[in-house]
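As structure tokens, the structure follows; a few thoughts come after it.
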Amino acid sequence: MIVHEVKIGKEPANQITKREHRKIYVGCAESDIRYRDMLVNFRHRWEFYTKPTIDFLTFDWNKSVLDQQKQAAKKIIHGSDGVMFIVSANTEVDSLAIWEIDCATSKGIPITGVDVGKNPEGKIPDKLIGKMTKYGWEWFAMFINKL
């Protein structure tokens, strides 16, 4: 039997009274867009694990106007509270993925790499070493709740 002590008129110490709104940029290599979209499209599940409300931001590249798009992507990334980056074997060979990671780390934005299990060699971009997490809601929540 589980017994909880409740005192009327007093909030429990662990109850959340204010929900902060966070913006999280989710980036990936071009070939990993399906993993990014799965993460973003299931955001309603975050309410089970996280304290703040969240907007996930993404950017789809059109390589014909790359310079203009880099400025737009930079503005989105720099306006974010944190960055989650999908990491697979394709990450290190995608120059735009590396650029996005560099853009976030150069501004000091908190970042975590999300291991999707598609990286048999275990290659991780240098700026994500020691900042990796597993793919799963409970692991994402640990990162987001620290923001």
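Listed by position, the strands (runs of 3 or more DSSP E) inside the stretch 43-141 whose residues that are over 19 Å from residue 32 (Cα atoms) and modelled with pLDDT under 95 number at least 3 are 53-57. Farther than 16 Å from residue 146 by Cα, acidic (Asp, Glu) and either at pLDDT 90 or above or touching a Lys or Arg at 6+ places or on another chain (Cβ under 9 Å) (or both), is that true of residue 5? No. Of the residues in the stretch 93-106, at least one is among the polar types (S, T, N, Q) and more than 22 Å from residue 23 (Cβ to Cβ). Against the list (1) touching a residue at least 60 places away in the same chain (Cβ under 8 Å); (2) surrounded by fewer than 19 Cβ atoms within 10 Å (Cβ to Cβ), the condition residue 60 fails is (1).
The values are calculated or read from the model by the stated rules, or taken from the named source; none is laboratory data. Computed from a predicted structure; not experimentally measured. In this analysis, Cβ positions are derived from the backbone assuming ideal geometry, glycine residues included, and neighbour counts consider all displayed protein chains.
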